[in-house]
Amino acid sequence: MSEGDINRPLENGFHRPVAENVDDITWINKMNSQIGYQKIKSQAQQLKQELQQAFTQELDSLVDGFIEEVEQMEGKEGLSNNVSFSDLRSSVSDLRHENVIKKKREGGELPDKEFMPRNSVLTDLFRIKDVKTIYHIFVAILIVFSLNTLVYDLINEGRLNLSFDLIQYGMGKFSKVMELWVSMTLSTLLVVYPGFYYWSMHRKPGRVGGYDIAAGCVYILYQLVFLVWPVKYITDNALPPGSSIIVTAEQIRLMMKVHAFVRENAAKVLAFKKDDSSEDHVCPDFSKYLYFLFIPTLVYRDSYPRTQKIRWSYVVSNLGQVLACLFYTYYIFERFLVPVFRNFGREHITAKALILSVFGSMLPATLVLVLGFFAILHSWFNAFAEMMTFADRMFYKDWWNSTSFASYYRTWNIVVHDWLYTYIYKDAFKLFPNNRSLAMACVFLISAVAHEYVLIMCFKFFYPVLFVMFMGAGFGFIFFKGVGRGWNVFLWLMLIMGNGMLMCLYSLEWYARQRCPENTDNFLDYLIPRSWTCDFEAMEN
């Protein structure tokens, strides 16, 4: 090796030193080997990316061709199988969507919600004969419950008692509920949209200024008024539990809808640069806002996938299932839960009686949870989606197969999860980059507060059992991840035990509030649990 070769610059910018001895020559050989390894590694990584891209393109091409062939078969000959190939198309769409999400995450950007035409999970599963039989079993149990009530009334009272006192009490003062609901809906139509339209049309393009800050303050003030107004209405009119839940659920839904509309379109307005030759503006038409208010999604888009027609028989079927679930829940409370809690507030509750009550409530409370899921997330949402020709029916996923609480929370209620992800998690992730735990904690905190708020307005007292369980065990369990049937059993075990505890503790406090005297005559009485402080000896005297 000549001296000129030794002093020639290396590819990485360094110069070779003059080799004066054997050690220098060894060092030069070592550097040459490292440069060679780097070249090979870089070429291997490039080859890996090219192969992955080619494989993905080829897979997409094969799947597209297969689906086209299936669609042609369905159109020409029809399929006699119990499972439609729409299930396969939905699965492929979900797989592609997950691949897009994965790619965007690798690039450091969180993905947006994507809407596509697809059925609800149970809609497709009910096409399978064996799964449909499970549905028939639940219908048969409802019939048995109805016959059980009729026979019980005939034998014990000698007459039929068809008053359904529990439903009448829980859903009482329904005219007041409708009055408030109409008022809340009109406020979102006559205040929010005109106000946003006025702001978007009169602001000057450019940076955020005083006009924009003032508009933001007005929006925050409106949301605060919208939060306090129903609370006062419920309190003044003493709405019963069921009616209070309807009002607060609609209140939260409309607040989330309004925030989604403002959050999505405010960013477009602020980024809009007006062209003198263009008369377009970024505020969407009122028809788009009105359609968004009534479709079963909380994430705003200017357009959604739509169906071609309305199947009114499908609408009636789903609304009938909602009504059946309501009576199903009534029978469960009347036969299995009320008898357990009937003596609460009349005598001291021992640890033995409390434990027996918790375990006696587990299965009925879990069945109520499943009925609530089916009535709202499946039947009610599908009925409104059909009436509004809304084609994306993925309101939930197969949460019952989850092997971790993280998966359960993501799949239990897709509608709410999408809103929390789009408008809370993503914004928190931008404020605290690369801190997923803090962003998840913000999501859990807001969700826990909202759930506890509904229960406070329902029962008219503050007893944060759900909040503690949600932010304690519920948040902690998301870090436990596993695969297999054992983890699915663990998840169901925790759900069953948790629902039993919630049902028992809230019922204990409810009956104590009905029968025990007030602790104080001020606001503190709503915060101090009477089930802990009730003086039963004074009541007996």
So if the hydrodynamic radius of segment 312-453 is defined as the Kirkwood radius over C-alpha pairs, what does Stokes-Einstein give as its diffusion coefficient at 10 °C and 1.306 mPa s, in µm² per second? 87 µm²/s
Can you give me the long-range amide H partners of residue 390? Hydrogens built in the peptide plane at 1.01 Å from N, cutoff under 5 Å, separation of 5 or more residues or another chain. 307
Determine ³J(HN,Hα), in whole Hz, for all residues of segment 364-373 in sequence, where each value follows from phi through the Karplus function 6.51 cos²θ - 1.76 cosθ + 1.60 and θ = phi - 60°; x replaces Gly and Pro. x, 5, 5, 5, 5, 4, 5, 5, x, 4
Computed over segment 424-498, the distribution of all Cα-Cα distances in 5 Å bins, rounded to whole %, is 3, 14, 19, 18, 18, 15, 10, 4, 0
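Taking a probe of 1.4 Å, how large is the accessible area per residue of segment 319-426, in Å²?
Solvent-accessible surface per residue comes out at 40 Å².
How much area per residue is accessible in segment 110-212 when the probe is 1.4 Å and only protein heavy atoms are counted (Å²)?
63 Å²
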Inter-label distance, nm, simple model (7 Å from Cα along the C-beta direction), residue 179/residue 532: 3.7 nm
What percentage of the solvent-accessible surface of segment 133-218, computed with a 1.4 Å probe over protein heavy atoms, is contributed by carbon and sulfur atoms? 71 percent
Counting only protein heavy atoms and a 1.4 Å probe, tell me what percentage of segment 421-541's accessible area is made up of carbon and sulfur. 68 percent
Per 0.36 nm of contour for each residue apart, how much would the distance between residue 316 and residue 126 grow if the chain were fully extended, relative to their Cα-Cα spacing? 66.7 nm
Give me the percent relative contact order of segment 429-474, please, defined on Cα pairs under 8 angstrom at least 6 residues apart. 33 percent
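The values are calculated or read from the model by the stated rules, or taken from the named source; none is laboratory data. Remember, it's a predicted structure, so these values are computed and weren't measured experimentally. A quick note on method: Cβ atoms are made from the backbone with ideal geometry, for glycine too, and the neighbour counts reach across all protein chains shown. When the accessible area is computed, the model is the full protein with side chains, heavy atoms only, and any ligands, DNA or RNA have been set aside. Shrake-Rupley method; radii C 1.70, N 1.55, O 1.52, S 1.80 Å.
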